[in-house]
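The values are calculated or read from the model by the stated rules, or taken from the named source; none is laboratory data. Quantities reported herein were computed from a predicted structural model and do not represent experimental measurements. With ideal geometry, Cβ positions are generated from the backbone for all residues, glycine too; neighbour counts draw on all protein chains shown.
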Amino acid sequence: MLQRGVPPFEILVVDDGSVEPPAVIRNRIVQFKIKMLRQNHSGVSVARNHGIELASGEILMFIDSDCTARQGCLAFVMKTVPTHPGDQAFQLHVVGDRSYPVGRAEELHLETVQRHKLDATGRILWLNTAGFVLRNQKSWVSNLFDARALRGQDTELLARLLASGKHPIFLPDAVVEHHPDLTVWKYLVKALRSGYRAARTMEIMETYKVKWDSTARQRFEMFQSMWTMSRQSSLGHQAFFVTAATRLLIKIGHVAYKIKWFV
């Protein structure tokens, strides 16, 4: 967030019941006035809704705690969003960190999905709240995130946006870098647990009657693209196999939920 040439903004940090305050507060970044919001552990959806409720700006920008906005991200958002007066939702360009194994797997997956989900008009059939922007219109952003969704809140929100005609615009030059602090093993375990918890969200989304998921052919084409991209020396085939394993474990998690296994 330490960037030059950006317009005025506020930072709201929602602490969802942590034992100690987040590092960003402990380290006292004095350059900015940070509004700290603490709540009993209620889940990410409730935390985000709490932040939305207290935000005062015209534009809301969501960034996860393990993400960093690259140089120029905020300035590009503030320059571009006003050029789309009829649009409400904007997906930032989320990338991984190629310096370690999990970061390379994230980069491979994120770049492939964003490229395949982007259409010719600049809209994207994908949403990741690790880097996401909304207009702050209280008439529809109040309680925006469904508190019933323990995982997959991004996709659930996308389905509702599509159902209401709010197809997100992709902002390729507003880059947010994701840095999951996980070993490969913990990354795979997280995928299994996420798949299990997201299955409940999928049940909720079935009532929306809107197309949001990829077809089997589209998934196959994305895997082909990932394999080709993994030939780059800065990524490597290990990134492909880790990514493929996470997709498989997420599916196993879905099945485990349906047959009432517990993860």
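Quick check on region 207-221. Is at least one of its residues part of a helix (DSSP H, G or I), of a type outside the set (Ser, Thr, Tyr) and in contact with a Lys or Arg (Cβ under 7 Å, 6 or more places away or on another chain)?
Of the residues in region 207-221, the ones part of a helix (DSSP H, G or I) are 207-208, 216-221.
In the following step, the residues that additionally are of a type outside the set (Ser, Thr, Tyr) were identified as 216-221.
This time we only want the ones that are in contact with a Lys or Arg (Cβ under 7 Å, 6 or more places away or on another chain), so: none.
Checking region 207-221: not a single residue is part of a helix (DSSP H, G or I), of a type outside the set (Ser, Thr, Tyr) and in contact with a Lys or Arg (Cβ under 7 Å, 6 or more places away or on another chain).
Regarding Val255, is this residue of a type in the set (A, V, I, L, M) and farther than 30 Å from Gly86 by Cα?
When the stated conditions are applied, Val255 passes them.
Do any residues in region 169-189 that are closer than 13 Å to Gln91 by Cα and touching a residue at least 40 places away in the same chain (Cβ under 8 Å) have Cβ atoms under 6 Å from those of residues that are basic (Lys, Arg) and not in a strand (DSSP E or B), where the two are at least six apart or on different chains, and which pairs are they?
Sorted first by the residue in region 169-189, then by its partner, the pairs are Val175/Arg70.
Say whether the condition of being surrounded by 12 or more Cβ atoms within 10 Å (Cβ to Cβ), under 21 Å from the mean Cα position of the chain (by Cα), modelled with pLDDT under 80 and assigned to a loop (DSSP other than H, G, I, E, B) is met by at least one residue in region 20-39.
Checked region 20-39: at least one residue is surrounded by 12 or more Cβ atoms within 10 Å (Cβ to Cβ), under 21 Å from the mean Cα position of the chain (by Cα), modelled with pLDDT under 80 and assigned to a loop (DSSP other than H, G, I, E, B).
Looking at Arg160, Arg98, Arg115, can you tell me which residue is charged (D, E, K, R) and in contact with a Lys or Arg (Cβ under 6 Å, 6 or more places away or on another chain)? Walk me through how you get there before you give the answer.
Values: Arg160 fails: in contact with a Lys or Arg (Cβ under 6 Å, 6 or more places away or on another chain); Arg115 fails: in contact with a Lys or Arg (Cβ under 6 Å, 6 or more places away or on another chain).
Step by step, each of Arg160, Arg98, Arg115 is checked, and only Arg98 is charged (D, E, K, R) and in contact with a Lys or Arg (Cβ under 6 Å, 6 or more places away or on another chain).
Every residue in region 225-263 that is of a type in the set (S, T, N, Q), out of contact with any helix residue (DSSP H, G or I) (no Cβ under 8 Å at 6 or more places or on another chain) and assigned to a helix (DSSP H, G or I), please.
Thr228
From the set of residues in region 105-148 that are of a type in the set (Ser, Thr, Tyr) and over 27 Å from Arg247 (Cα atoms), which is modelled with the lowest pLDDT?
In this case the residue turns out to be Ser139.
For Thr112, indicate whether it is closer than 26 Å to Ser164 by Cβ and either in contact (Cβ under 8 Å) with a residue 60 or more places away in the chain or not hydrophobic (A, V, I, L, M, F, W, C) (or both). Working first, answer last.
Details: closer than 26 Å to Ser164 by Cβ: no; either in contact (Cβ under 8 Å) with a residue 60 or more places away in the chain or not hydrophobic (A, V, I, L, M, F, W, C) (or both): yes.
The answer is no for Thr112.
Here's the yes/no breakdown for (1) touching a Phe, Trp or Tyr at 6+ places or on another chain (Cβ under 9 Å); (2) more than 18 Å from Arg104 (Cβ to Cβ):
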site: Thr201; (1), (2): no, yes
site: Met205; (1), (2): yes, yes
site: Arg217; (1), (2): no, yes
site: Gln224; (1), (2): no, yes
site: Gln232; (1), (2): no, no
site: His237; (1), (2): yes, no
site: Arg247; (1), (2): yes, no
site: Ala256; (1), (2): yes, yes
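Within region 72-90, can one find any residue that is under 23 Å from Met226 (Cβ atoms) and among the polar types (S, T, N, Q)?
The answer is no; no qualifying residue exists.
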